[in-house]
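J.: The structure is given below, and queries will be raised subsequently.
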Amino acid sequence: MAGFFVTGIAAAYVVGKSIAAAWGKMAEAVWFQKSVTFLARVGEEERAEYSTVIGGIIAIAATLYAYRR
């Protein structure tokens, strides 16, 4: 159980940082600013918070899936 817990926390961190990096890179692109304006307007600090939450949700789902298998 501890292994799943630690893996879930590590996955949440990595996935959250990956989402934040991708979001930051896409926010600089003109096509992203024109097509998804509400996401392009989000500031860098808020992006990090939202990315961490999304990464946590994805990691929890993946960890629960792996644990049940």
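The values are calculated or read from the model by the stated rules, or taken from the named source; none is laboratory data. The model shown is predicted, which means the values in this text are computed figures rather than measured ones. As a convention, Cβ positions derive from the backbone with ideal geometry for all residues, glycine included, and neighbour counts pool all protein chains shown. The area values use the complete protein model at the heavy-atom level, side chains included, leaving out ligands, DNA and RNA. Shrake-Rupley method; radii C 1.70, N 1.55, O 1.52, S 1.80 Å.
J.: Is it true that some residue in segment 28-46 is out of contact with any helix residue (DSSP H, G or I) (no Cβ under 6 Å at 6 or more places or on another chain), touching a residue at least 12 places away in the same chain (Cβ under 8 Å) and open to solvent by 90 Å² or more (accessible area, probe 1.4 Å)?
T.: yes
J.: Taking the stated definitions as given, is R69 among the charged types (D, E, K, R) and open to solvent by less than 100 Å² (accessible area, probe 1.4 Å)? Give the derivation first.
T.: Numbers: among the charged types (D, E, K, R): yes; open to solvent by less than 100 Å² (accessible area, probe 1.4 Å): no.
Answer is no for this residue.
J.: Taking segment 10-27 as the search range and keeping residues that are out of contact with any Ser or Thr (no Cβ under 9 Å at 6 or more places or on another chain) and surrounded by 14 or more Cβ atoms within 10 Å (Cβ to Cβ), which one is farthest from R69 (Cα to Cα)?
T.: It comes out as A27.
J.: For segment 17-43, how many residues are within 15 Å of I54 (Cβ to Cβ) and of a type in the set (D, E, K, R)?
T.: Residues that pass the stated criteria total 1.
J.: Name every residue in segment 8-29 that is at pLDDT below 90 and among the aliphatic types (A, V, I, L, M), in order of residue number.
T.: A27, A29
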